[in-house]
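Just below is one structure, and these are the notes that go with it.
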Amino acid sequence: MKALESFQERSSMAFQSAEQVVDHFRLWGYLQAQLDPLGQYLQPLAVPELEATGDAADKARRLYCGTVGVEFMHIADPARRRWIQEQFERDAPEQKRQHILDLLIRADIFEQVLQSRYPGTKRFSLEGNTALIPLLDALLDRAANQGMLQTVLAMSHRGRLNVMVNSIGRPATAIFSKFEDIDPRSILGSSDVKYHIGATGQWKNEDGKEIDLHLVSNPSHLEAVDPVAMGRTRAKQNRMGEKGEECVLPILVHGDAAFAGQGICAEALNLAFLKGYSVGGSIHIIVNNLIGFTAGPEESNSSRFSSDVAKRLPVPIFHVNAEDPDAVVRVAKLAIDYRYTFHSDVVVDLIGYRRYGHSEIDDPTITQPLRYARIKDHPPLYKIYAERIGVDPSARATEIQTRMMEEQSTAARMKKTPALASLPAYWAPYNGGSYTPTESRETGVSSDRIRKISELLTSYPGDFHLHPKMKKLLEQRVEMGQGKRPMDYAMAEACALGSLVLEGTPVRLSGQDSKRGTFNHRHGALVDVQTGTDFIPLANLAPNQAHFEIYNSILSEAAVLGFEYGFSRDYPEALVLWEAQFGDFANGAQVIIDQFIAAGEDKWGLLSGLVLLLPHGYEGQGPEHSSARIERYLQLAAHDNIQICQPSTAAQYFHLLRRQALQSWRKPLIVFTPKSMLRRPEAASPVNDFAARGFRKVLPETEIQHAKRLLLCTGKIGHELRAERTRRQDMTTAIVLLEQLYPWPEEELTAALDRHPKAHEIVWVQEEPANMGALSFVVPRLRRLAHGRQVLTVKRSSAASPATGSPKAHALEQKTLLAASFGGA
Ligand SMILES: Cc1ncc(C[n+]2csc(CCOP(=O)(O)OP(=O)(O)O)c2C)c(N)n1
């Protein structure tokens, strides 16, 4: 029976039309392409559909099973498939071979000089994949002719130094000087390793077209930089207006194991075609050496190609054998043309090998003895290519080597390491470093102005069909603006953002369900109940207002936060906010928080004014809907690198947001935002409070004069303590709220404590367990300010999980906490 089926299969294939035969190759040809230069992995697969013989099959085999394999038949749009087909089925164009050879020589010799001068030092050689240099060159050349003016380039360790010199155009002396490690005292405790720092440069093609190149600073955490580069690109594009997508191109360079393994790649790819995040197409290059550290492809990836994760998108994937530089350059041009024709991502999988171990101090013959036995005798690519094109490369190789050696000697004599990157001019008005009181800004807005802004915020087109519930809400918001009812958080936020855009500060806000708001509170976009269309009041306040954008993000934390951080890096004059659905989920983006937001200034001298809105508070909603992990941000805080605040009223939130936009001190701002408090009358503010001078880092006790006990806390618990005090008719307990935890407001807190000299007990109260919350950060600092007064703490018992899953248990715990705060059991 089996034999019969396979006979039928084969005989039916024999009667295929020529077009059907070619179609099979279009669909499956990449599986038989000659892609692995060492011919060890990626052996051509047996594919029954490709067994056909005859002229059509031979020709199709030549086109689709050579040193380039293309995957494109998963793209639904027939126009795109046809485009690829037409381009691919043309004769291969002539390439500028002498130029390609020159780039290959430079790439290989650069590595060889490093190897000879700094043996045993990590450099993450590109050898085995030096075709990356002509690939980048061809991408830039082609894109320059399409109108590209700037490239944002992201890549990890592999070949990064080579790219800095041979693509970005940094002098080799600058790189050599990093190996010399000339001036360690100037950077004690800060800075970063040489293969992570950013670089800027210019690139010029033969027609004199110039491109600004920016290689993004990058942490060790592989692929984390991808969304950051995309966000940076989007910001640069926005700055340029309509032609932005044409003028700024992102090139994201990946490792094969990392691309397959790191989830952030899948997240970032998912941003490609979305309105709030699209950059008109990224060029992805996988520098595929078929190994990840010591792991082979069969251990790193469940499928044949590490690029398969990109097949989730309707984008072409070109696999190309890195030892055919002509084909590599051809693919580069196709990739650019496709990107510019369809505003789409493109993937180029550059398949080579890795000449040394993971780093040069690693011996790969221990784990991959067979592969490295082949590599040992395999000549460098420039020699293979020179022979293929019939040129003797030795004179040029010697010339480049001599020049590199001279540059190395110059570097060895240098006293100061040259900077590799420079900041764009739009960063000039902003500063980082330590906080100084001169940074403080008045953020108040008069009641008249608030009323006017509120009217604008609650207006919508006459023919708009509003949801009845929204109609009521807007009526209430009008009354808030008129001072007839207190302003709640949501309206305070809208007024802050509205006042800013009217004053000329662009605002961008994104997060999961942020348009409506997780807690059904923001309503940043009104929806017409008859047409389903959006109307965004904040984007329609006045004709000359600054840009306002609000987006529901994809259900990702890492990629979206990375993107927004990147955006903030290239739009310092904008207020950029990212909101977590619940603060707990921000740990899905921990890499972005740790490696970029907290440490970016220390490692790379790079600033960001990004705002993180993290809903926080213990309300009986369970272990993962309670804590935004205040303790983690406090642990990351040093040298005034970030600001950590928990505003307890609507007006405080209003001033905090305005402060962030108006101060020239650009530091990430972590805001613990409310959930239940969004609707608590105690947390709402009278309109007069919006006219106050600014954000208050500490809210002192004003009602109790002769306190015997002082409770210090932050956030929602402050309101609960006040309510409990009223219930108990307690007249001797002062309650002070810490609204800013970092930078630590020592002066303001000292003043608040000094108001109550008879309060012999100072009690830190928090909802979180003892091992969480701000306790271990606050208490030692508080002891310093207490001048001998007793410092006590009230908190939940230490726990492995932040909160109970039982609402009733929560209520009991909360009751005990409040009682303990007032000295009861
Ligand atoms: C998130 C993360 N996990 C682990 C590592 C450690 N690490 C550094 S390089 C590397 C292998 C990377 O392999 P691949 O992506 O194929 O790039 P290659 O080094 O081969 O160019 C690993 C596991 C890391 N840097 N980042």
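The values are calculated or read from the model by the stated rules, or taken from the named source; none is laboratory data. These numbers were taken from a predicted model, which means no experiment stands behind them. Because the Cβ atoms are built from the backbone with ideal geometry, glycine has one as well, and the counts that use them run over all protein chains shown. With ligands, DNA and RNA removed, areas are computed over all heavy atoms of the protein, side chains included. Shrake-Rupley method; radii C 1.70, N 1.55, O 1.52, S 1.80 Å.
Taking all Cα pairs closer than 8 Å and separated by 6 or more residues, the relative contact order of the chain comes to 11 percent. Summing charges over all other residues whose Cβ lies under 15 Å from the Cβ of residue 246, with Lys and Arg as +1 and Asp and Glu as -1, gives +3. For the range 653-662, backbone phi angles converted through the Karplus equation (6.51, -1.76, 1.60; θ = phi - 60°) give residue-by-residue couplings of 4, 4, 5, 5, 5, 5, 4, 4, 6, 8 Hz, Gly and Pro being listed as x. Here the range 396-548 is assigned +1 on the Cβ of each Lys and Arg and -1 on the Cβ of each Asp and Glu. Its dipole about the Cα centre then comes out at about 240 debye. Pairs from the list 484/697; 311/333; 472/815 with a Cα-Cα gap above 24 Å: 484/697; 472/815. Debye-formula intensities of the range 550-604, expressed as log10 I(q)/I(0) at q = 0.25 Å⁻¹, are -1.08 (one equal scatterer per alpha-carbon, no solvent).
Per the Debye formula on identical point scatterers at the alpha carbon atoms of the range 736-787, with no solvent, log10 I(q)/I(0) at q = 0.21, 0.27, 0.30, 0.31 Å⁻¹ is -0.81, -1.27, -1.45, -1.50.
Each 10 Å bin from zero up to the one holding the largest Cα-Cα distance in the range 214-371 carries the following percent of pairs: 10, 38, 35, 14, 3, 0. For the range 787-801, the Karplus equation 6.51 cos²θ - 1.76 cosθ + 1.60, evaluated at θ = phi - 60°, returns couplings of 6, x, 5, 6, 10, 10, 9, 10, 6, 6, 5, 3, 8, 7, 10 Hz by residue, with Gly and Pro reported as x. Close amide H pairs (under 5 Å, H built 1.01 Å from N) link residue 761 with 710, residues at least 5 positions away or on another chain.
A cut-off of 5 Å between modelled amide H atoms, ignoring neighbours fewer than 5 places along the same chain, links residue 736 with 711, 712, 713. Accessible-area rank, largest first, for 405, 240, 230, 731: 731, 240, 405, 230, with all protein chains present and a 1.4 angstrom probe.
Applying D = kT/(6 pi eta Rh) to the range 343-456, where Rh is the Kirkwood radius over alpha-carbon pairs, T corresponds to 37 °C and eta to 0.692 mPa s, the Stokes-Einstein value obtained is 146 µm²/s.
Measuring spread by the Cα atoms of the range 544-684 yields a radius of gyration and Dmax of 14.8, 46 Å. The GluC sites (Glu not before Pro) of the range 33-90 include none that meets both criteria, a DSSP state outside H, G, I, E and B (loop) and at most 10 other C-beta atoms within 10 angstrom of the site's C-beta.
Please work out the Cα convex hull volume for the range 603-721 and give it in Å³ per residue.
In the range 603-721, the Cα convex hull volume per residue is 145 Å³.
Averaging Cα coordinates gives a centre for the range 723-776 and one for the range 412-437; these two points are 40 Å apart. Short-range pairs are left out: with C-alpha atoms under 8 Å and at least six residues apart, the relative contact order of the range 659-814 is 21 percent. The GluC sites (Glu not before Pro) found in the range 679-709 that occupy coil by DSSP, while having at most 15 further C-beta atoms within 10 Å, are 703. Can you compute log10 of I(q)/I(0) for the range 696-825 with the Debye formula, treating each Cα as one identical point scatterer, at q = 0.12 Å⁻¹? Each listed q corresponds, in turn, to -0.42. D by Stokes-Einstein for the range 337-404, Kirkwood Rh over Cα pairs, 37 °C, 0.692 mPa s: 210 µm²/s.
Using Cβ point charges alone (K and R +1, D and E -1), the dipole size of the chain about the Cα centre works out to roughly 2500 debye.
If you roll a 1.4 Å probe over the chain with all protein chains in place, what percent of the accessible area is carbon or sulfur? On the chain, the fraction of accessible area on carbon and sulfur atoms equals 51 percent. The amide H of residue 153, built 1.01 Å from its N in the peptide plane, has 214, 215, 216, 251 as neighbours under 5 Å, considering only residues 5 or more places off or on other chains.
Rg/Rh for the range 396-510 (Cα atoms only, Rh after Kirkwood) is 1.39. With Rh defined as the Kirkwood radius, the inverse of the mean 1/r over Cα pairs, the Rg/Rh of the range 650-769 is 0.96. Charge dipole of the range 631-693 (Cα centre as origin; +1 on each Lys and Arg Cβ, -1 on each Asp and Glu Cβ, all else neutral): 160 debye, rounded to the nearest 20.
Of the listed residues 111, 267, the order by accessible area with a 1.4 Å probe, largest first, is 267, 111. Distance distribution note for the chain: the fraction of Cα pairs above 47 angstrom is 33%.
From the alpha carbon centroid of the range 203-272 to that of the range 99-121 is 26 Å. Each residue of the range 114-169 gets 79 Å³ once the volume of the Cα convex hull is shared out per residue. Per residue, the accessible area of the chain comes to 40 Å², computed with a 1.4 Å probe over protein heavy atoms only. Inverting the pair-averaged 1/r between distinct Cα atoms of the range 1-153 gives 19.1 Å as its Kirkwood hydrodynamic radius. The separation of the range 298-355 from the range 617-656, counted between C-alpha centres, amounts to 43 Å. By DSSP, what percent of the beta bridges with both residues in the chain are antiparallel, rounded to the nearest 5? So the antiparallel bridges amount to about 20 percent of the total. Sorting 534, 463, 730 by solvent-accessible area of protein heavy atoms yields 463, 534, 730, largest first, with a 1.4 Å probe. Along its first, second and third principal axes, ordered by size, the range 482-629 spans 45, 40, 34 Å in Cα coordinates. In a DSSP loop and with at most 10 other Cβ atoms within 10 Å, the trypsin sites (Lys or Arg not before Pro) in the range 469-560 are 484.
With helices as the sole contributors, the chain gives -11500 deg cm²/dmol at 222 nm; each DSSP H run of n ≥ 4 counts as -39500 (n - 2.57), and the sum is divided by every residue. Lys/Arg Cβ at +1, Asp/Glu Cβ at -1, dipole of the chain taken about the Cα centre: which of 283, 227, 110 is farthest positive-ward? After comparing all options, I get 227.
Enumerate the lysines that residue 122 could reach by cross-link, defined here as Cα to Cα under 28 Å, with residues fewer than 8 away along the same chain left out. Qualifying lysines at Cα under 28 Å: 178, 194, 376, 383, 415, 416, 603. Shown in residue order for the range 418-425 are the 3J(HN,Hα) couplings computed by the Karplus curve 6.51 cos²θ - 1.76 cosθ + 1.60 at θ = phi - 60°: x, 6, 8, 10, 10, 8, x, 4 Hz (x for Gly and Pro).
When the Cα atoms of the range 135-243 are aligned to their principal axes, the ranges along those axes come out at 45, 29, 23 Å in descending order.
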